[in-house]
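A quick write-up on the structure given underneath.
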Amino acid sequence: MAMTTKSLSAGPAGRRTLAFAVHIFTASGAVCGLMALMAAVDGNWAIMFAWLGLALFVDGIDGTMARRAKVGEVLPRWSGDTLDLVVDYLTYCLVPAFAVASGGLMPFWLAVAASATILLTSALYFADTSMKTDDLYFQGFPAVWNVVVFYFFLVPLSPWVIAAIIAVLAVGTFLPIKFVHPFRVVRLRLVTLALLALWAVLAVVAVVEGMRPGLWVTVGLCACAAYFTLFGMIPFRKRAVEPRP
């Protein structure tokens, strides 16, 4: 008779097994990173972004799974936060930096400098204990270079424009500006999640079409990017609540 999830997690051993399974799921993002890197070595950029997209999906849901399984309480020996940062550095930063260095986006010397900038600033950002604000925004550019580099391959840009964007975002890593966390920020959460879902669908279309999608897909992806980039920078005033008589 097959063991149900409820019976599996009923006792301490079952809860530990479930919690460790969540850690394995998080760690699987590193495997996605390896596959993405192998695709990048072969110059298969669409395949690379497909693997990075899968890693992004894993990263998007593993936190919820970990909280429901109470991983921190059940398995205090293994830090889910540290594991998440290790996997994120590989998939958000290292693989995209390699793509910048080897993707023919700019002259080699400039590409190496840009890639080094990505890796150095991202490492410092991931070590920042104040990377999130009290209202759960990211403080500073959150090193989502996987998404940024996705746009470099999607939209034709001059090498100097790409270098300038990398420089601006690298500086933005250390500035006290807010970037929205799609799943944690309460403000306009439904709108944010809806646009995140739209972005995901359009990104899949772009990858399936070899990073050369129709104009409407590119425009839609750029519009979503503008929303997520500007969201945290726009002041938000709470409506005053009149006191009850």
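The values are calculated or read from the model by the stated rules, or taken from the named source; none is laboratory data. Only a predicted model underlies this, so the values are computations on that prediction, with no experimental measurement involved. Reconstructed Cβ throughout: ideal geometry from the backbone, glycine too, with neighbour counts over all protein chains shown. Ligands, DNA and RNA are excluded from the accessible area calculation, which covers all protein heavy atoms including side chains. Shrake-Rupley method; radii C 1.70, N 1.55, O 1.52, S 1.80 Å.
In table form, for the structure just shown:
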item: Of the DSSP H helices in the chain, those whose Cα atoms cover at least 18 Å axially and whose Kyte score averages 0.0 or more; result: 12-41, 45-69, 108-126, 159-172, 189-208, 215-230
item: Segment 16-179 - accessible surface per residue (Å², probe 1.4 Å); result: 49
item: Whole-percent carbon and sulfur share, accessible surface of segment 16-179, 1.4 Å; result: 71
item: D_trans [Stokes-Einstein, Kirkwood Rh over alpha-carbon pairs] for segment 102-174, 25 °C, 0.890 mPa s, µm² s⁻¹; result: 189
item: Largest-first principal axis extents of the Cα set of segment 128-168 (Å); result: 38, 17, 13
item: Packing-based ranking, highest mean first, of 125-132, 203-210, 89-96 given that Cβ atoms within 10 Å are counted; result: 89-96, 203-210, 125-132
item: Largest to smallest accessible area among 68, 187 [probe 1.4 Å]; result: 68, 187
item: Radius ratio Rg over Rh of segment 180-234, counting only Cα atoms, Kirkwood formula for Rh; result: 1.03
item: Projected label distance in nm at residue 188 and residue 135, using a 7 Å step from Cα toward the beta-carbon; result: 1.2
item: Segment 1-134: equivalent-ellipsoid semi-axes (sqrt of 5 x gyration tensor eigenvalues, Cα, Å); result: 35, 18, 9
item: Convex hull volume per residue in cubic angstrom - Cα atoms of the chain; result: 184
item: Alpha-carbon centroids, segment 185-233 and segment 47-85: separation in whole Å; result: 22
